[in-house]
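Enquirer: Mind looking over this structure? Questions follow.
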Amino acid sequence: MTYDDARSWLAGAALGCGLVVLASCSSGETYKFSQEMWIHQGQALMPAGSWGCNSVTLPGTSDGNDRNPHIGDFNFTQGDEGDSYVVKVYSDSDLLTTRSYSEAALAAGTVDEFNVTTHSGAVYTLRFWGGHVCTPLDLDASPE
């Protein structure tokens with residue numbers, strides 16, 4: 001997959017994920033879950049898709065079972081699993097990492113930044129954070 005193909009796929013995935021609204025029968029507290037992705041290109045970091053944000057209410061109504069195929073060197077799923085909002089990052093069908101965000105973590109708004117390396121050797125820096133409003137980080141500044 002070329003950089004442009006990956007970027008196009010990620011932009012579509014971010015837009016699709018951003019349109020998902022999760023609802024539940026909890027206290028009604030809704031949080032915003034934001035994300036941004038960067039790809040390492042030599043010594044530089046380049047945006048690998050657009051910033052995305054979606055609404056989350058925990059506990060969610062999903063059963064947590066991921067039935068979607070995982071195609072491509074880099075892909076991810078996200079959704080509620082009980083009392084947490086979970087992001088799973090894949091390279092092809094292999095799970096690279098799982099990140100779980102509790103209601104307290106979403107409320108705190110702390111940025112979770114981490115790297116993954118795909119089968120092809122591509123390195124991505126991913127950022128996920130919660131809050132009460134959709135607010136992008138400084139997109140002109142790449143991660144440290």
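Enquirer: Restricting the search to the stretch 79-93, which residues are under 14 Å from residue 59 (Cα atoms) and under 11 Å from the mean Cα position of the chain (by Cα)?
Expert: Hits for the stretch 79-93 are 79, 85, 86.
Enquirer: To continue, here is another question. Of all the residues that make up the stretch 88-114, how many are more than 13 Å from residue 76 (Cα to Cα) and touching a Pro at 6+ places or on another chain (Cβ under 9 Å)?
Expert: Residues flagged as more than 13 Å from residue 76 (Cα to Cα) and touching a Pro at 6+ places or on another chain (Cβ under 9 Å) within the stretch 88-114 amount to 2.
Enquirer: Just one of the numbered conditions (1) modelled with pLDDT under 90; (2) within 13 Å of residue 130 (Cα to Cα); (3) open to solvent by 30 Å² or more (accessible area, probe 1.4 Å); (4) not aromatic (Phe, Trp, Tyr) is not true of residue 57; which one?
Expert: For residue 57, the exception is condition (3).
Yes/no matrix, rows are residues, columns are (1) among the small types (Gly, Ala, Ser); (2) touching a Lys or Arg at 6+ places or on another chain (Cβ under 9 Å):
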{"residue": "88", "(1), (2)": "no, yes"}
{"residue": "98", "(1), (2)": "no, yes"}
{"residue": "101", "(1), (2)": "no, no"}
{"residue": "106", "(1), (2)": "no, yes"}
{"residue": "115", "(1), (2)": "no, no"}
{"residue": "121", "(1), (2)": "yes, no"}
{"residue": "124", "(1), (2)": "no, no"}
{"residue": "128", "(1), (2)": "no, yes"}
{"residue": "132", "(1), (2)": "no, yes"}
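Enquirer: Got at least one residue in the stretch 25-34 being in contact with a strand residue (DSSP E or B) (Cβ under 9 Å, 6 or more places away or on another chain), assigned to a loop (DSSP other than H, G, I, E, B), buried (at least 18 other Cβ atoms within 10 Å of the Cβ) and modelled with pLDDT of 90 or more?
Expert: Looking for residues that are in contact with a strand residue (DSSP E or B) (Cβ under 9 Å, 6 or more places away or on another chain), assigned to a loop (DSSP other than H, G, I, E, B), buried (at least 18 other Cβ atoms within 10 Å of the Cβ) and modelled with pLDDT of 90 or more, one finds none in the stretch 25-34, hence no.
The values are calculated or read from the model by the stated rules, or taken from the named source; none is laboratory data. Predicted, not measured: the structure shown is a model, and the values here were computed from it. Counting neighbours? That spans all protein chains shown, and the Cβs are built from the backbone with ideal geometry, glycine included. What goes into the accessible areas is simple: the full protein's heavy atoms, side chains included, and nothing from ligands, DNA or RNA. Shrake-Rupley method; radii C 1.70, N 1.55, O 1.52, S 1.80 Å.
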